[in-house]
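This report refers to the structure that appears directly beneath it.
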Amino acid sequence: MELSDFDYPLPPELIAQYPPPHRGESRLLVVDRRDGSLADDRFPALGAYLRRGDLLVVNDTRVIPARLLGTKEASGGRVEVFLVSREAGEEEVWSCLCRSSKRPRNGSMLLLGEDLKAEVLGAGEGSLLRLRFRFAGAFQELLAKTGRIPLPPYIRRQDTPLDRERYQTVFARCAGAVAAPTAGLHFTPELLDRLTGQGVEICSLTLHVGIGTFLPVRSDNPLEHEMHGEHFSIPAPTAERIRLARAEGRRVIAVGTTVTRALETAAADGAGLREGEGVSRLFIYPGFRFRIVDALITNFHLPRSTLLMLVAAFAGRPLILEAYRKAAALRYRFYSYGDCMLIL
């Protein structure tokens, strides 16, 4: 397996820079693994491909305004801070990406907004810095006031007030992600009501999407890539409903690669799905044996990415690359704010 095995051409104008005018108006490419067929449809028609008893699993993580702009207290130089992951404990200590003309010195202070400062504690994992935030009031409220929505780097614009709504799913509840679980962005309350009305069950888990979703695979041998850990939580009622669905032969349909990674991590030891919390560093690539997920709703992913490798593992690399070629030919919109596919 080589990294070039997961490449495909994409005209840059197909990279969606904005969400569709109204949530839920996306296109849907239906990929059938049984016969290799590809069907062009619209996302509101999703219910036509689901059946009574299907169990839809969504990710209820909520994107935090993780991008902070400020200055160094000592020099006044500009600094940009991107929150990556919070350390356990009572204090707000985070591993962060920092961008500035010179790397901030240990012990220095960063001014990131009214009533919000950060002390540089030192180096973290890789290129990250550990910052201890100092503030007056509630940290999450200050983030909501001061922080910016962390749009992916392929969206070539600054975030706007629109993104505060549209870069969240309608079921976002648990704050902690630095990127949206984008397959969930297509759902509306009306569609969820229609699906439950036709007998589709819906349950949720939480996986806080981390910076790893943006990190490229740098080695020509993908197996040398190290996955960034992402915290997840599978509630006991969700685990029980999934176990029951599988025991009864009903389909478990993952809404997104994040749900897929959480479920397959929790079942990786072969002893069945385990409830509770954990950290997923699971790298899913062709040859992987899926234990829980029977169908997958997912957006279109970057070339040479671990997410593309995951969907190639699920549907087969030749079929996925054919689906991507067809989507490009039909002028589908790609990536976070783009269209999606249903893999059956």
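The values are calculated or read from the model by the stated rules, or taken from the named source; none is laboratory data. The structure displayed is predicted, hence computed values, not measured ones. Please note: Cβ atoms are built from the backbone with ideal geometry, for glycine as well, and neighbour counts cover all protein chains shown.
Scanning segment 178-192 turns up at least one residue that is farther than 26 Å from residue 342 by Cβ and touching a Phe, Trp or Tyr at 6+ places or on another chain (Cβ under 9 Å).
Exactly one residue out of 163, 193 is among the acidic types (Asp, Glu), at pLDDT 95 or above, within 21 Å of residue 59 (Cα to Cα) and under 18 Å from the mean Cα position of the chain (by Cα): that is 163. Would you say residue 75 is assigned to a strand (DSSP E or B) and outside the structural domain of residue 252 (by TED's automatic domain parsing)? Considered against the rule, which asks whether it is assigned to a strand (DSSP E or B) and outside the structural domain of residue 252 (by TED's automatic domain parsing), residue 75 comes out as no. For first residues located in segment 209-224 and within 29 Å of residue 175 (Cβ to Cβ), partners that are among the hydrophobic types (A, V, I, L, M, F, W, C) and assigned to a helix (DSSP H, G or I) and lie 6+ apart or on another chain with Cβ distances below 6 Å form the pairs 217/3.
To keep it simple, each residue is scored yes or no on (1) polar (S, T, N, Q); (2) at pLDDT 95 or above; (3) touching a Leu at 6+ places or on another chain (Cβ under 7 Å).
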position	(1), (2), (3)
46	no, yes, yes
53	no, yes, no
66	no, no, yes
73	no, no, yes
76	no, no, no
83	no, no, no
94	no, no, yes
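Checking the conditions here, which among 136, 144, 172, 177 is buried (at least 21 other Cβ atoms within 10 Å of the Cβ) and touching a residue at least 12 places away in the same chain (Cβ under 8 Å)? Please lay out each step first, then the result.
Working: 136 fails: buried (at least 21 other Cβ atoms within 10 Å of the Cβ); 144 fails: buried (at least 21 other Cβ atoms within 10 Å of the Cβ); 172 fails: buried (at least 21 other Cβ atoms within 10 Å of the Cβ).
From the options 136, 144, 172, 177, the qualifying one is 177.
In segment 301-338, which residue that is of a type in the set (Gly, Ala, Ser) and either touching an Asp or Glu at 6+ places or on another chain (Cβ under 7 Å) or more than 24 Å from residue 149 (Cβ to Cβ) (or both) is surrounded by the most Cβ atoms within 10 Å (Cβ to Cβ)? Before you say what the answer is, go through the steps one by one.
In the first step, residues of segment 301-338 are kept if they are of a type in the set (Gly, Ala, Ser); the result is 305, 312-313, 315-316, 323, 327-329, 336, 338.
Filter once more, so that each one left must be either touching an Asp or Glu at 6+ places or on another chain (Cβ under 7 Å) or more than 24 Å from residue 149 (Cβ to Cβ) (or both): 312-313, 315-316, 323, 327-329.
Details: 312: 23, 313: 19, 315: 23, 316: 16, 323: 21, 327: 25, 328: 16, 329: 8.
Of everything passing the filter in segment 301-338, 327 is surrounded by the most Cβ atoms within 10 Å (Cβ to Cβ).
Within segment 269-285, restricting attention to residues that are within 20 Å of the chain's Cα centre (by Cα) and in a loop (DSSP other than H, G, I, E, B), which residue is surrounded by the fewest Cβ atoms within 10 Å (Cβ to Cβ)? Among them, the one singled out is 281.
Can you name the residue in segment 5-54 that is among the small types (Gly, Ala, Ser) and touching a helix residue (DSSP H, G or I) at 6+ places or on another chain (Cβ under 7 Å) and, of all such residues, is nearest to residue 156 (Cα to Cα)? Checked segment 5-54; the qualifying residue nearest to residue 156 (Cα to Cα) is 26.
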